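Enquirer: Next up is a structure, given as structure tokens.
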Amino acid sequence: MIDVPSELLRRIREHGQEHVLKFWDDLNETQQEQFACQLEAVDFELFNSLQQLSAESTPVELHPSPIVALNDTYREIGVERIKKGELSVLTVAGGQGTRLGWSGPKGTFPATPVTGKSLFQVVAEQILFAEKQYGVVIPWYIMTSSQNDAATRSFLLDNNCFGLERTDIFIFTQGEVPASTKDGKMLLSSHGSVAMNPDGHGGVISALKVSGGLEEMESRGIKYISYVQIDNPMANVVDPKFLGIHLSEESSKEVTSKCVKKTNPKERVGVFCLVDGKTTIVEYSDLPTEKTVEQNDNNELSYGAGSIAIHMLSTEFLQRVVDGMPWHIAHKTVPHVDLNTGDYVNPKSPNANKYERFVFDVLPLAKKSLVVETEREDEFAPIKNAQGVDSPSTSQQFQRDRAIRWLRKCSVDVSDNANVEISPLSGSVPEELNCQEFPSSIGDGETVVL
Ligand code: UTP
């Protein structure tokens, strides 16, 4: 039996959270040590400031964001910078993947249609291909969470990092914040632990800083970060056209984002808008209904530039905004220990506040930004849900369809029903493929991996 360390006790009391110690005396010594350790790591000041957050209001001054098409014009500039070793890839993979219901980290999910390569392998092989093509190291930064960090590390090691050098992969863990009751009390997830939640994909910027990742980038001469989420196996993670357009004007942009046309007004993706003159992503749930259906002169959705969560970020910019990222509050259902009975309860309706940051909040912080439109069919096949839209089966179908289109560009006579997969080691865009190596035709139902 140990006492709560006095300095820790003082902080807990100062912030009005003594209730978290209610079951302290029931814990054994190891549990007490672990609990004290967890509490020492809690940022009470931050937690306090989050209690002042109020529900968000819908933006008033809203206009569609200007968009340019992703094109070849600046590709060479991008290639040049990649060859100089200035580009890195950043994958956020700390999410809980609740909707997909996969037991391991989402990055370990088998995503490709024929060989079932994992989402991590798809990114790793794209990087490997680009490293060979440009003769340079492209370091890979992966954000995990405390829940999936160990499993992510072993998965990569067990698979020999899919051919990448382990020393060129920087794995770091995102921050966590306690969930609270609506009146600002921390919840317990057991008698000896506070219920913590990952701080959202927007936590990536502070996590990069705290983990030394930003410094590491600087020491390697990295100036640009290709940001992708782990759940989109069609994202082109090393894209010289994208980097080139990011650098296309002298007063360099701080962030450039890819968008695709929304398929319909109800598609649940964030939309690029101008809010008070600043490029911003407005979440689908926050876009006023009349705006979701509004059409422009070309009979297209006025607010139809859907975000696919692919951004090119300048490292200098991240250094500047690391402390300026806003927080959001979400009312969620959080299982917890009932303080009166000591029982673990699983509420049926939202009982708590969770606090998160969103990566797209960097956009309005940028002095200069740009939104470029890419082809949905080439770059967007997210795996979010177990079934239905944005599920493994829709993603695999999109990957298959893309492979068929690319093979046709190589003059291969492919049936619409061929079961084909193109490895990222063969190229990430049609121009990179070695068409001579492909068969001249692929028939109905035939399975081919290239
Ligand atoms: P989502 O918002 O789709 O969340 O994450 P999720 O956790 O993967 O899935 P659900 O909502 O529980 O079903 C989009 C991307 O952001 C990462 C995810 O790993 C995914 O790549 N992410 C999300 C984090 O890295 N950390 C977070 O706290 C949240």
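Enquirer: Report yes if Thr181 is touching a Pro at 6+ places or on another chain (Cβ under 8 Å) and among the polar types (S, T, N, Q), otherwise no.
Expert: Answer is no for this residue.
Enquirer: If you go through region 68-107 one residue at a time, how many are surrounded by 14 or more Cβ atoms within 10 Å (Cβ to Cβ), more than 16 Å from the ligand (Cβ to nearest atom) and not in a helix (DSSP H, G or I)?
Expert: Within region 68-107, residues that are surrounded by 14 or more Cβ atoms within 10 Å (Cβ to Cβ), more than 16 Å from the ligand (Cβ to nearest atom) and not in a helix (DSSP H, G or I) number 6.
Enquirer: Looking at the structure I just gave you, is Ser206 in a helix (DSSP H, G or I), small (Gly, Ala, Ser) and more than 30 Å from Asp338 (Cα to Cα)? Write out each step before concluding.
Expert: Values: in a helix (DSSP H, G or I): yes; small (Gly, Ala, Ser): yes; more than 30 Å from Asp338 (Cα to Cα): yes.
Yes.
Enquirer: Confirm whether Val60 is closer than 30 Å to Glu300 by Cβ and either within 13 Å of the ligand (Cβ to nearest atom) or touching a strand residue (DSSP E or B) at 6+ places or on another chain (Cβ under 9 Å) (or both). Write out each step before concluding.
Expert: Working: closer than 30 Å to Glu300 by Cβ: yes; either within 13 Å of the ligand (Cβ to nearest atom) or touching a strand residue (DSSP E or B) at 6+ places or on another chain (Cβ under 9 Å) (or both): yes.
The answer is yes for Val60.
This table checks each residue for (1) assigned to a loop (DSSP other than H, G, I, E, B); (2) β-branched (Val, Ile, Thr); (3) exposed (fewer than 15 other Cβ atoms within 10 Å of the Cβ); (4) at pLDDT below 90.
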position: Glu249; (1), (2), (3), (4): yes, no, yes, yes
position: Ser252; (1), (2), (3), (4): yes, no, no, yes
position: Arg268; (1), (2), (3), (4): yes, no, yes, no
position: Cys273; (1), (2), (3), (4): no, no, no, no
position: Thr280; (1), (2), (3), (4): no, yes, no, no
position: Lys291; (1), (2), (3), (4): no, no, no, no
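Enquirer: Return the residues of region 1-14 that are in contact (Cβ under 8 Å) with a residue 24 or more places away in the chain and either part of a helix (DSSP H, G or I) or farther than 17 Å from Ser193 by Cα (or both); say none if nothing qualifies. Lay out the reasoning, then the answer.
Expert: Going residue by residue through region 1-14, those that are in contact (Cβ under 8 Å) with a residue 24 or more places away in the chain are 1-2, 4-5, 8, 11-12, 14.
Those that are in contact (Cβ under 8 Å) with a residue 24 or more places away in the chain and either part of a helix (DSSP H, G or I) or farther than 17 Å from Ser193 by Cα (or both): Leu8, Arg11, Ile12, Glu14.
Enquirer: Tell me whether region 47-64 contains one or more residues that are assigned to a loop (DSSP other than H, G, I, E, B) and touching a Ser or Thr at 6+ places or on another chain (Cβ under 8 Å). Explain how you work it out, then say what you get.
Expert: Quick first cut of region 47-64, residues assigned to a loop (DSSP other than H, G, I, E, B) only: 51-61.
Those still in the list that are touching a Ser or Thr at 6+ places or on another chain (Cβ under 8 Å) too: 51, 59.
So far as region 47-64 goes, yes, one or more of its residues are assigned to a loop (DSSP other than H, G, I, E, B) and touching a Ser or Thr at 6+ places or on another chain (Cβ under 8 Å).
Enquirer: Output the residue which, of all residues in region 140-170 that are away from the ligand (no atom under 16 Å from the Cβ) and in a loop (DSSP other than H, G, I, E, B), is surrounded by the fewest Cβ atoms within 10 Å (Cβ to Cβ).
Expert: Glu165
Enquirer: Report whether or not Ala235 is more than 8 Å from the ligand (Cβ to nearest atom), among the hydrophobic types (A, V, I, L, M, F, W, C), assigned to a loop (DSSP other than H, G, I, E, B) and touching a strand residue (DSSP E or B) at 6+ places or on another chain (Cβ under 8 Å).
Expert: Details: more than 8 Å from the ligand (Cβ to nearest atom): yes; among the hydrophobic types (A, V, I, L, M, F, W, C): yes; assigned to a loop (DSSP other than H, G, I, E, B): yes; touching a strand residue (DSSP E or B) at 6+ places or on another chain (Cβ under 8 Å): yes.
It is true that Ala235 is more than 8 Å from the ligand (Cβ to nearest atom), among the hydrophobic types (A, V, I, L, M, F, W, C), assigned to a loop (DSSP other than H, G, I, E, B) and touching a strand residue (DSSP E or B) at 6+ places or on another chain (Cβ under 8 Å).
The values are calculated or read from the model by the stated rules, or taken from the named source; none is laboratory data. Here the structure is a predicted model, which means the values were calculated and not measured. Ideal geometry is used to build each Cβ from the backbone, glycine not excepted, and the neighbour counts take in all protein chains shown.
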